[in-house]
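The numbers here are math on the coordinates, done by the rules we state, and not lab data. Here the structure is a predicted model, which means the values were calculated and not measured. We place every Cβ from the backbone using ideal geometry, glycine too, and count neighbours over all the protein chains shown.
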């Protein structure tokens, strides 16, 4: 479970202070699919970064599975990022000269895992996004939609409980966006907790809950009638 309490993030420029988060309280139960929406600058990506330990709160707390993230050591933060959460970003952040296999395996290697077990886990992750056939190709030779699917495979290869997705469809066309949302919905159906930042209301409606932010605060937290998602396979993931 993720529990955010009184979270504030303050940036200072000279004598001026800017509150990226202005006192946020949010609880996310295990197995939920949450969409965080709002205009640019509303604080949604800042909130996601706090949950992912890419940034730390100025005040308040972010507690995940009973651990206050502010108390983690540098080593514990690295372990948390590698094993507890999986990141999916708008810009993919793949190593372009690496093969698809090497990109997906990278977090496993960083966690100290080697050998045949990695092969099985990489292939399983790629099967989940319909890209086993691309396993030997270079990341730079893939389409944008394929690169994002590789990024998702990389995020789930270590079997994290939480998937943090920041505008995962932001650089994709409609067809590829639909495919990515189907994959995320399928991961949610398999038991993953999904926390997704998005500006797209159609994507947000695929979640269980829609959390709307404005000026660093949560202004709405409503249930969403989640649309049924078709199974994401290599047959549907052709873009």
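Nearest-5 percent of antiparallel DSSP beta bridges in the chain?
Counting DSSP beta bridges with both partners in the chain, the antiparallel share is about 55 percent.
Express the relative contact order of the stretch 1-43 as a whole percentage, based on alpha carbon pairs under 8 Å and six or more residues apart in sequence.
Once normalised by length, the contact order is 40 percent.
Calculate how steeply helix 174-189 sits against the longest principal axis of the alpha-carbon atoms of the chain, using the helix alpha-carbon long axis, and give the answer as 0 to 90 degrees to the nearest 10.
Once rounded, one gets 80 degrees.
With N set to the number of residues, divide the alpha-carbon radius of gyration of the chain by 2.2 N^0.38 Å and report two decimals.
Expressed relative to 2.2 N^0.38 Å, the Cα Rg reads 1.00.
What angle do you read, to the nearest 10 degrees and between 0 and 90, between the alpha-carbon axis of helix 116-128 and the longest principal axis of the chain?
80 degrees
Testing the spin-label approximation: label points 7 Å from Cα along Cα→Cβ at residue 95 and residue 205. State their distance in nm.
Output for this residue pair reads 4.1 nm.
Roughly how tilted is helix 100-110, in degrees to the nearest 10 and between 0 and 90, from the longest Cα axis of the chain?
In the chain, helix 100-110 runs at an angle near 50 degrees to the longest axis.
For a quick check, take a GNM of the chain with Cα springs below 10 Å and name the residue from 13, 84, 37 with the largest mean-square fluctuation.
13
Restricting to DSSP H runs of at least four residues, report the calculated mean residue ellipticity at 222 nm for the chain, -39500 (n - 2.57) per run over all residues, nearest 500 deg cm²/dmol.
Computed ellipticity for the chain at 222 nm equals -9000 deg cm²/dmol.
Relative contact order of the chain, please, whole-number percent, based on alpha carbon pairs below 8 angstrom and at least 6 residues apart. Before the final figure, lay out each step's value.
Details: 481 pairs, mean separation 67.3, N = 239.
Dividing the mean separation by the residue count of the chain yields 28 percent.
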